[in-house]
Amino acid sequence: MACPLSPCSSSSSKFSGSAFNTYRTSPYFYRQFHLISNGIQHFPERVSKISCGIYPRNHFELNSSNGYPLNAVSVQNGSMSKPLAEETLTSGSTAEESTLSITVVGASGDLAKKKIFPALFALFYEDFLPENFVIFGYARSEMNDEQLRNIISRTLTCRIDQRENCADKMEQFLKRCYYHSGQYNSEEHFAELDSKLKEKEGASSNRLFYLSIPPNIFVDVVKCAGTRASSTSGWTRVIVEKPFGRDSESSRELTRSLKKYLSEDQIFRIDHYLGKELVENLSVLRFSNLVFEPLWSRNYIRNVQFIFSENFGTEGRGGYFDSYGIIRDIMQNHLLQILALFAMETPVSLDAEDIRNEKVKVLKSMRPLQLEDVIIGQYKGHTEGSISHPGYTDDPTVPKGSITPTFAAAALFINNARWDGVPFLMKAGKALHTKKLVNLLYSKLIHYVLVCNWIIKALDFFDNYKTHRAEIRVQFRHVPGNLYRRNFGTDLDKATNELVLRLQPDEAIFLKINNKVPGLGMRLDRSDLNLLYSARYRKEIPDAYERLLLDAIEGERRLFIRSDELDAAWSLFSPVLRELEEKKIAPELYPYGSRGPVGAHYLAAKHNVRWGDLSGED
């Protein structure tokens, strides 16, 4: 049965040529084929009923951080102005005179290829970029424009609708992409980039630089770009990727160095978790629903949990991770930013500064994190059946004997009137328990692979379906004097209401409630009120990078991190990180694919909490 690839549905596979041969020899490749070979015998023999059609998806809509359509320019007072292209035409200049120039510094890296260029194409495909724009890749690698376009084309995908032909859109986008090779600390090379940009721009231009590079060369690039490649007729903005330093001192030094060449308004510190749909919806859920806001305090909430887990380890990418660890990589930025949004007071407005002011107040109100309220772990090798998973220190890119944690749990407290005494628990880890859902998806896809003979596409799927799970769990207090306590037995936690926001995968909001099971007896059951995004909303959910890139273009700063906010976040974690490293505290080992170290359960029990993700009810 033939199942041809459609150029409109997916990009060409990244598993081609020598890259595929390298991947084919990896342990991960063989683990996936072990799954395939073991699963074949369980599939139905009649495969003719399976169809391999690819169906178009509907056009989706994006709204900006302040709630307005994203093809409109957001301004700080929350008002809505005209789309970029239209604004250019009505300001007295011609279309040829105004250009948006986007330079991706570090264009040959994985982040640029897998996230930034695809996000820019998605914005172009959905007509959210201005009519006149140009994209430049800048890196040390020697290549020409066509070579860059070939690299980019492998990662581009289209959200199909009836408006445009996908292949035509890709061709149009790639024609706007150019490349310049140069050193990151060379003012001469950035001056050459400036000359190339001016050749493509009109008389007026705005320039956005995305720094997809290691943090140790941020300042060199900002210095060279700021002095030799800034726009002379419009704005210049710089997006900076995490990590923003390793501790309070290095973060402050980085901020001081950047501000020698840029103002605070020009610096956009990106945390892509803030661009996720459910994080965006968090404030909407709370502030626009009367049923939730009165409950959002210590009077009704017993604890709040912020959970991040991955079902895979470093797998050959331990070099970067080992120098930072899970606390710096996930907890100090992603989870703490979500906590600040969750716990903040009602802002005066949706203005970026009003919201960021409230987040800073939360961070400054937090009790200093103590070592006894932190648990660290590191995954070790584990064999399951005929599949062996290596431990963290078995990774050849990780130094032997490393004590860098791959798991951490922490209990934090906010010393203010709203949250006094409520434990905010964080948990983040690698190589944790694989959900049954993922195994089910694997098995269902095998049949699809066999029928369609898309083995390379299947490997791509498996690689991308390494699961990142992130959720917020709000556990409410027990009902005082509960009339039905006898029906629940002695374990009142089973009767606790819980609000869960699943950020990824399969975005969802559900509320756990107690209700009577139909029948003549009085039997109670715990059920969910579900909002599953994939079922309720048929439109495509945009990638977080799409939203954040467009916000940066529009000058909307609500989802970007301000310098004082960053300083407050590091002040909370730096002392305990320093203590862990100075005392060389060894992490507790846990098997690959387990639920994490036992110490995390003791930490939760110490604060009279049960981890909600381990209940098995979801």
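The values are calculated or read from the model by the stated rules, or taken from the named source; none is laboratory data. All values derive from a computational prediction rather than experimental measurement. Ideal geometry is used to build each Cβ from the backbone, glycine not excepted, and the neighbour counts take in all protein chains shown. Ligands, DNA and RNA are stripped out before the accessible areas are found, and what is left, the full protein with its side chains, is counted by its heavy atoms. Shrake-Rupley method; radii C 1.70, N 1.55, O 1.52, S 1.80 Å.
A few comments on the model shown:
- As a ratio to 2.2 N^0.38 Å, the alpha-carbon radius of gyration for region 191-288 is 1.30.
- Of the GluC sites (Glu not before Pro) found in region 291-398, those that fall in a DSSP loop while having at most 14 other beta-carbon atoms within 10 Å are Glu345.
- At most 13 other Cβ within 10 Å, DSSP loop - GluC sites (Glu not before Pro), region 537-618: Glu617
- The ellipsoid equivalent to the alpha-carbon distribution of region 467-564 has semi-axes of 39, 18, 10 angstrom, derived from the gyration tensor eigenvalues as √(5λ) and listed largest first.
- Look at where the Cα atoms of region 314-360 and of region 195-227 average out, and the two centres are 26 Å apart.
- Once the Cα gyration tensor of region 488-618 is diagonalised, semi-axes √(5λ) in Å: 35, 29, 14
- The gain in end-to-end length when the Lys361 to Ser288 segment is fully stretched comes to 24.1 nm, 0.36 nm per residue minus the alpha carbon separation.
- Here r is the Cβ-Cβ distance between Asn216 and Val517 and R0 is 45 Å; the resulting FRET efficiency, rounded to 0.05, is 0.15.
- For region 338-413, the set of trypsin sites (Lys or Arg not before Pro) satisfying both a DSSP loop assignment and a count of at most 12 other C-beta atoms within 10 Å is given as Lys400.
- In straight-distance terms, cross-link reach from Lys427 covers every one of the aspartates and glutamates whose alpha-carbon lies under 16 Å from its own, apart from those fewer than eight places away in the same chain; here that gives Glu310, Asp329, Glu372, Asp373, Glu471, Glu588, Asp613.
- Ranked by how many other beta carbons lie within 10 Å on average, peptides 506-518, 410-422 from highest: 410-422, 506-518
- Residue-span extension gain [Ser386 to Leu589] - 0.36 nm each, minus C-alpha spacing: 70.9 nm
- Geometric descriptor of region 515-589, per residue, is 287 Å³ (volume of the convex hull of the Cα atoms).
- For region 100-248, the Cα-based Rg and Dmax, in that order, read 15.3, 51 Å.
- Mean-position separation - Cα centroids, region 134-159 and region 579-599, in angstrom: 41 Å
- Taking each of Lys223/Lys539; Lys114/Lys200; Lys359/Lys606 in turn, the alpha-carbon distance tops 32 angstrom for Lys223/Lys539.
- The heavy atoms of Cys177 offer some 0 square angstrom of accessible surface to a 1.4 angstrom probe.
- With q set to 0.12, 0.13, 0.25 Å⁻¹, the log10 of I(q)/I(0) for region 558-618, from the Debye formula over equal scatterers at the Cα positions, is -0.56, -0.64, -1.01.
- Under Karplus coefficients 6.51, -1.76 and 1.60, residue-wise ³J(HN,Hα) of region 167-175 in Hz, glycine/proline x: 4, 5, 5, 4, 4, 4, 5, 5, 5
- Dimensionless Rg/Rh of region 371-438 - Kirkwood Rh, Rg from C-alpha atoms: 1.14
- Principal axes of region 279-403: Cα extent on each, largest first, Å: 54, 30, 29
- For Ser288, the accessible surface of its heavy atoms amounts to roughly 80 Å² (probe 1.4 Å, protein chains only, rounded to the nearest 10).
- The string of couplings for region 564-575 from the Karplus curve (6.51, -1.76, 1.60, θ = phi - 60°) is 5, 5, 5, 5, 5, 5, 5, 4, 6, 9, 4, x Hz, one whole number per residue in order, with x for Gly and Pro.
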